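The values are calculated or read from the model by the stated rules, or taken from the named source; none is laboratory data. All figures in this text were calculated on a predicted structure; none of them were measured in a lab. Counting neighbours? That spans all protein chains shown, and the Cβs are built from the backbone with ideal geometry, glycine included. Side chains included, ligands, DNA and RNA excluded: accessible areas come from the protein's heavy atoms. Shrake-Rupley method; radii C 1.70, N 1.55, O 1.52, S 1.80 Å.
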Amino acid sequence: QVSEPNEFDIMLLMPVARLQLDECDDTGAFYYLSFKRNPREKYLLKFLDEEGKLSAFKMLQALREIIKQEVKTIKGAEVTVKRKKAGSPAITLQIKNPPADISVDIILTLEVQQSWPPSTQEGLRVEQWLGRKVRGELRNKSLYLVAKQNKKEKVLRGNTWRLSFSHIEKAMLNNHGSSKTCCESDGPKCCRKGCLKLLKYLLEQLKMKYTKELDKFCSYHVKTAYFHACAMWPSDRDWQWGDLEHCFQKYLGYFLDCLQRSQLPHFFVPQYNLLSPEDKASNDFLSRQLNYQLNNKFPIFQE
């Protein structure tokens, strides 16, 4: 979070040697997982469902129990496990701690040492921006899958997993320049991250104001639009620090365009649209609010 750092995410990585991935819908982001042959990870067999699929629900339940037991042993801080949110891949800890409470999301993540599925083939288009070599290096990193319920399933059995690229996104945020020295202590400074922070903050503030109407949106929409913007304007010259205002408006303009068309492709799985036309009313609402801010010199930043 930009305004108050009181929410943290921790990915709990479980290494798995090989998995069979079967797409469970047309997004290319959600999968059923099973073992190709006798797994080395025998302890995972008890989490298979009756069809031999690895059950995210069962694994989350077991992890939740372990965390509940562990939390009881914590001395010197008041830590509680929050109630389960339907369809959320996270187990949330509430830590009461003066001067402020913080919440920590623990996200169960399988780390699989195998090549990325075909649905990612056309994604991660960073050749012009970070270079072909970097794209190859990033695609060689292991595959992450998080225990995430696919809402499109007719019967919610809790055995779907979603691809996650947070480790790749982190690497791209840290090394974001087309030149290697961008934003290093002695290198030229760009405004890419400044733009991302501004739009994240803008969405955060609007969500606080219109909680119900903007329920569908999260910072991941803004982050995805950011990666697309970086790929569209690949040169460091396009993001000079002194041009922050101009660059922010350009990036916001792209995001507004996505909202208008109800079309924001996932950066790594391009066939997966993060702004479905079914949510056109919410997309239009956010679009109107952002346009109002843009046309009135962003009053929300002054509040």
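Some observations on this one:
- Only protein heavy atoms count here; on that basis, with a 1.4 Å probe, residue 301 has an accessible area of about 60 Å².
- Selection of chymotrypsin sites (Phe, Trp or Tyr not before Pro), the stretch 121-223, meeting DSSP coil and at most 16 other Cβ within 10 Å: 210
- Dividing the Cα radius of gyration of the stretch 195-265 by 2.2 N^0.38 Å, with N the residue count, gives 1.13.
- Theoretical ellipticity at 222 nm over the chain - DSSP helices of four or more residues, -39500 (n - 2.57) apiece, nearest 500: -11000 deg cm²/dmol
- Scanning the chain for long hydrophobic helices, with DSSP H runs required to stretch 18 angstrom or more by C-alpha along their axis and to average at least -0.5 on the Kyte-Doolittle scale, returns 56-72, 192-209, 219-232, 244-261.
- Kirkwood radius and radius of gyration were both taken over the C-alpha atoms of the stretch 1-175, and their ratio Rg/Rh is 1.00.
- Residue 35 long-range amide H proximity, modeled H, under 5 Å: 20
- For peptides 122-128, 105-111, sequence by mean Cβ density within 10 Å, most packed first: 105-111, 122-128
- All-pairs alpha carbon distance profile, the stretch 184-303, 10 Å steps from 0, percent: 13, 45, 32, 9, 1
- Among 148, 84, 75, the largest mean-square fluctuation in a Gaussian network model of the chain (Cα springs under 10 Å) belongs to 75.
- What the stretch 148-285 shows is 50 Å² of accessible area per residue, with the surface traced by a 1.4 Å probe over protein heavy atoms.
- Scattering from the stretch 90-153 was approximated by placing one identical point on each alpha carbon and applying the Debye formula without solvent; log10 I(q)/I(0) at 0.13, 0.15, 0.27 1/Å stands at -0.62, -0.73, -1.15.
- For residue 250, the lysines whose Cα comes closer than 27 Å to its Cα, not counting residues fewer than 8 places off in the same chain, are 170, 180, 189, 193, 197, 200, 207, 209, 216, 223, 280, 297.
- Antiparallel content of DSSP bridges confined to the chain, in %, to 5: 70
- Matching label, mean projected area of the Cα convex hull in nm² computed from the structure shown, candidates (1) 21.9; (2) 18.9; (3) 18.1: (3)
- Sequence-distant residues sharing a close amide H with residue 14 (under 5 Å, placed H): 109, 110, 111
- Cross-link partners of residue 85 among aspartates and glutamates (Cα-Cα below 15 Å; sequence separation of 8 or more within a chain): 105, 215
- Surface composition of the chain: carbon and sulfur atoms hold 52% of the protein heavy-atom accessible area at a 1.4 Å probe.
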